[in-house]
Amino acid sequence: MVSHLGLREQALQGTFPGTGACRRLAARPVVASHDLRMPRTGNEDDLVVFQVRDGEIADAGSWVYAWLRVGGDRRVVYVGATGLPPGTRAWLHLHDPNPDIGRIAARYPAASDEPLDVVAVRIAEGVSRQEAKSLLTARLAKEGLLSKDYVGDPPEDAAASAPKDAQQVDRVLRHVREHVSR
C-alpha cells in the first residue's frame with residue numbers, strides 16, 4: 001500500500017504510474033500555497049479554504065457531473081453524482097484501485113490516454129443526488145447524447161426519477177448539447 005506521503009510526493013512530481021494527465025499537469029506552473037497544487041490562473045485569489053468538521057469535509061455540497069469525450073463522438077461516457085468536491089471525485093475515479101471508487105479507470109480504460117472533459121454543477125440542498133443523476137442520464141439518453149462507449153448506470157425512465165428541482169440538471173444538459181455540436 002502506498003503511503004499518503006508517497007501519493008503526495010508523486011502528485012507534486014507528476015509521477016503517478018501510467019498517468020500521462022498528471023505528468024502534463026505537473027509541467028504547468030503551480031501555486032505552492034496548498035497541498036493539492038492548482039494550475040496558476042494569474043489571479044491573486046488562488047486560495048482554497050474548506051472546513052473539516054467531525055472528520056468530514058463540511059459544506060462540499062452535492063454535485064451531478066458528466067464525463068465528455070473531447071474527440072470521437074464527443075458524447076458522454078459517464079454520469080455521476082457526489083458529495084465531494086468534483087475535482088476530488090474525478091481524481092478518485094481515475095486513481096483509486098477499488099473499481100467501485102475508481103470507476104472510470106475500471107470501466108473506461110481509454111481514460112488513461114484519451115482527453116476527457118468533466119462538467120459538474122452543484123445541485124440544490126435537499127435534492128437527491130441519485131435522482132439528479134438518474135434524471136440527467138435519462139435525458140442524455142433520450143437526446144442521443146450518451147456515447148456508444150458509455151460506462152455508467154443504465155438510463156431509467158425520466159418521469160420516474162425527476163427530482164424536485166431539475167434546473168441544475170438542465171444546465172449540464174445544455175453544456176453537453178453545446179459540446180457535442182462543436
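Bear in mind that the values in this text are calculations on the coordinates, not laboratory data. The shown structure was predicted, so the numbers you read here are calculated from the model rather than taken from an experiment. For neighbour counting, all protein chains shown are included, and Cβ atoms are generated from backbone atoms with ideal geometry for every residue, glycine included.
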task = Go through (1) closer than 28 Å to Ala166 by Cβ; (2) under 16 Å from the mean Cα position of the chain (by Cα); (3) surrounded by 14 or more Cβ atoms within 10 Å (Cβ to Cβ) and name the single condition Ala106 misses.
result = (1)
query = What about Trp91, is it surrounded by fewer than 21 Cβ atoms within 10 Å (Cβ to Cβ) and closer than 30 Å to Gln51 by Cα?
reply = yes
ask   = So which residues in region 115-132 are surrounded by 15 or more Cβ atoms within 10 Å (Cβ to Cβ) and under 19 Å from His179 (Cα atoms), if there are any at all?
value = Leu116, Val118, Val119, Ala120, Val121
